[in-house]
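To start, the structure under review is shown below, and the notes come after it.
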C-alpha cells in the first residue's frame, strides 16, 4: 500500500529535505561548522508551522458544522415526510453520513499527527546529533 500525500504534506516534507540537504552541503562542502545541526532546528520549525496550518484547516472545515447541517436536513425531511418509511430511511441515511464524517475526522487527525510528528522527530534528531556526523565520517 502506497501512501498518498496531500500538497501541504508534500510541501512540508520537501522543505524538511531541502533544509537537511542544505545543512549537509553547508557543513561538508562549504565547511560551515555545525550547520547540519542547525538545519535540524529549522526542520523542527517547519514541522511546527505546517502542523499548525493543517490542524487549523481541519477545524476550519468544521466537521461539527457538517454534522449540524446533516441534523438540520434530517429534521426538515422528517417534517416533510408523511410516510413513516421515508422518515426512517432519512434518519438512517443521516446516521450513516454522520458516521462517515466522524471517521474522516479521526483519519485526518491521525494523519496530521503521524506526518508532522515524523518531521518533528527527524528534525530534533538532526538538531541534537547532527554535529556527531563529522565524528562518524
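Annotations for the structure displayed:
- Computed E for residue 129/residue 49 - FRET, C-beta separation, R0 25 angstrom, nearest 0.05: 0.65
- Model label sites at residue 34 and residue 22, defined 7 Å from Cα along the beta-carbon direction, differ in position by 1.9 nm.
Every number in this text was worked out from the coordinates using simple rules, so none of it is lab data. Just so it is clear, the structure is predicted and the values come from calculations on it, not from any experiment. Positions of Cβ are generated from backbone atoms using ideal geometry, with glycine treated the same way; all protein chains shown enter the neighbour counts.
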